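Just dropping this structure here.
The values are calculated or read from the model by the stated rules, or taken from the named source; none is laboratory data. Just so you know, these numbers come straight off a predicted model, no measurement behind them. Ideal geometry is used to build each Cβ from the backbone, glycine not excepted, and the neighbour counts take in all protein chains shown.
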Ligand code: COA
């Protein structure tokens, strides 16, 4: 039994080429670019081509993360795919990713924690590394959520986009790596954000299609309030477990759902705007990919340097939430 923490040795992300702008949405539903930007902060999002499944985006992100880490697909021990939009109900998205990247020696499974999936998957991977079971774990947050969006429903269709982000985790040798984490969920709010049909309770039928039961339904303002509370409290607890002061945080990567949620969380945490990484204007809410893509871009843009304390915080349908403190 070892007791190594885990660190991120490589990152990668992929988003589809197709950009869907607020102006285009103005032609689809009764909304305006101005309303969307002021109420959410989003200007555009990416949409996968019809027939492109989550594993396609995820594999591209995964290969980029492996390349950055200098790890061959053959040396991957485990693939954890955080997604709620797998290519199909069976087999797992992780197995399709394995097939696409040729990681033939890996175990593979999916993890369903909606938008909080990337943090849940990082924490899960960390346990295997701490226990000394695996050395190279590919953690991927990926969702192609666009087929589940009701493109006539203005309060949801403006929010989401497709994407994938990946991290290769290894045992940490020095100080760097995951310092602490907090995961939480509260199933009493399970009905606030759902895709009601297509599962075992209400499988696809002509009726389920006719009643539009395969698209995302959300109580936006309730989710908003719970997101602010869940993320803030998780970050405060994770910082306390890591014995890191708020003022020592160099970069905060929140789930990219709504600029106003991010502002409210930052306010509660007393974090100045320059320490908060935001890219939702370009991608909207990419669900499980959101924090992964943001972390990747923050590093690419030089916002995170060696030795920095970095905090991730996520929130999603379930309701679930998670926060993680790392030293880079
Ligand atoms: N364009 C114009 N008006 C819109 C609109 C749009 N795209 N979407 C909603 N509205 C309208 C509503 O119909 C409502 O009109 P009414 O007062 O005539 O009924 C009005 O705007 C206010 O609606 P409300 O829901 O109170 O707005 P809001 O400020 O709460 O913003 C969300 C709505 C969905 C943007 C916001 O609640 C939100 O982001 N919630 C969190 C969602 C989320 O992050 N989910 C994923 C979690 S992982």
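Residues in the range 195-224 that are within 14 Å of the ligand (Cβ to nearest atom) and either surrounded by fewer than 15 Cβ atoms within 10 Å (Cβ to Cβ) or more than 15 Å from residue 145 (Cα to Cα) (or both): how many?
Total meeting the criteria: 6.
Among (1) away from the ligand (no atom under 14 Å from the Cβ); (2) over 20 Å from the mean Cα position of the chain (by Cα), where does residue 179 come up short?
Residue 179 satisfies all of (1) away from the ligand (no atom under 14 Å from the Cβ); (2) over 20 Å from the mean Cα position of the chain (by Cα) except (2).
Across the range 47-75, which residue is farthest from residue 286 (Cα to Cα) among those that are out of contact with any helix residue (DSSP H, G or I) (no Cβ under 7 Å at 6 or more places or on another chain) and crowded, with 24+ Cβ neighbours inside 10 Å?
Applying the filter and picking the extreme gives 65.
Taking residue 244, is it at pLDDT 95 or above, surrounded by fewer than 23 Cβ atoms within 10 Å (Cβ to Cβ), under 16 Å from residue 178 (Cβ atoms) and touching a helix residue (DSSP H, G or I) at 6+ places or on another chain (Cβ under 9 Å)?
Spelling it out, residue 244 is indeed at pLDDT 95 or above, surrounded by fewer than 23 Cβ atoms within 10 Å (Cβ to Cβ), under 16 Å from residue 178 (Cβ atoms) and touching a helix residue (DSSP H, G or I) at 6+ places or on another chain (Cβ under 9 Å).
Quick check, is residue 112 under 12 Å from the mean Cα position of the chain (by Cα), within 25 Å of residue 280 (Cβ to Cβ), modelled with pLDDT of 95 or more and surrounded by fewer than 24 Cβ atoms within 10 Å (Cβ to Cβ)?
So residue 112 fits the description; yes.
Here is a further query. Of (1) within 13 Å of the ligand (Cβ to nearest atom); (2) in a helix (DSSP H, G or I); (3) surrounded by fewer than 24 Cβ atoms within 10 Å (Cβ to Cβ), residue 124 satisfies all except one. Which?
Only one criterion is unmet by residue 124, namely (1).
Something else about it: If you scan the range 236-265, which residues turn out to be within 16 Å of the ligand (Cβ to nearest atom), touching a residue at least 60 places away in the same chain (Cβ under 8 Å) and part of a helix (DSSP H, G or I)?
259, 260, 262 - these are the residues of the range 236-265 that are within 16 Å of the ligand (Cβ to nearest atom), touching a residue at least 60 places away in the same chain (Cβ under 8 Å) and part of a helix (DSSP H, G or I).
Which number in (1) over 20 Å from residue 17 (Cα atoms); (2) surrounded by 18 or more Cβ atoms within 10 Å (Cβ to Cβ); (3) out of contact with any helix residue (DSSP H, G or I) (no Cβ under 7 Å at 6 or more places or on another chain) marks the one condition that residue 294 misses?
Only one criterion is unmet by residue 294, namely (1).
Looking only at the range 15-32, count every residue that is free of Cβ contacts under 8 Å to residues at least 12 places away in the same chain and within 10 Å of the ligand (Cβ to nearest atom) and tell me the total.
So the first thing to find is which residues in the range 15-32 are free of Cβ contacts under 8 Å to residues at least 12 places away in the same chain, and the list is 23-24, 26-27, 32.
Subsequent filtering for residues that are within 10 Å of the ligand (Cβ to nearest atom) retains 26, 32.
The number of residues fulfilling the criteria is 2.
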